[in-house]
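The next block holds one structure in the form of structure tokens; read it before the comments.
The values are calculated or read from the model by the stated rules, or taken from the named source; none is laboratory data. Note that the coordinates shown come from a computational prediction; the quantities given were computed from them, not determined experimentally. Here the Cβ positions follow ideal geometry from the backbone for every residue, glycine too, while neighbour counts run over all protein chains shown. We work out accessible area using only protein heavy atoms, side chains counted, and drop any ligands, DNA or RNA first. Shrake-Rupley method; radii C 1.70, N 1.55, O 1.52, S 1.80 Å.
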Amino acid sequence: MEVAEAVNDRIRPCWNVDPAALRVREMVIEVSVRMRQDQTVAEAVVVDQGRYSSDPIFRSQADAAIRAVRNPRCQPWPVAPDRYQGWPDITLNFDPSDFL
């Protein structure tokens, strides 16, 4: 299992999908994450700031994705601390259609 897939499995229970987002096509939220060496999140930002600013449903789901990424119940992430040099920056995709 690759790092992003293992991380997605870990944080998926922390992401609350808004039912309105399930009706919107192309609602994938990309979140760029910078990790600490202790496998916790140092910083998380939504990549598509234009859509974040203009689409209230996208913004709602993006905010939920950021909360999931930062949720202490879903950390530390399953990445090997001894390989930190290879994974301090990760981009995750949150897709509400995964919940259909």
Next item on the list: Quickly run through the range 38-63 and pick out the residues that are touching a residue at least 12 places away in the same chain (Cβ under 8 Å) and farther than 16 Å from ARG23 by Cβ.
Entry: ASP38, GLN39, THR40, VAL41, ALA44, VAL45, VAL46, VAL47, ASP48, ALA62
Notebook entry, point to check: For SER53, all conditions in the list (1) at pLDDT 90 or above; (2) within 22 Å of GLU2 (Cβ to Cβ) hold save one; what is the number of the exception?
Noted result: (2)
Check: With ALA65, ALA44, ALA20, ALA6 as the choices, which residue is small (Gly, Ala, Ser), assigned to a helix (DSSP H, G or I), at negative phi and buried (at least 16 other Cβ atoms within 10 Å of the Cβ)?
Finding: ALA65
Notebook entry, point to check: All but one of (1) within 12 Å of THR91 (Cα to Cα); (2) open to solvent by 90 Å² or more (accessible area, probe 1.4 Å); (3) in a helix (DSSP H, G or I) hold for ARG34; which doesn't?
Noted result: (3)
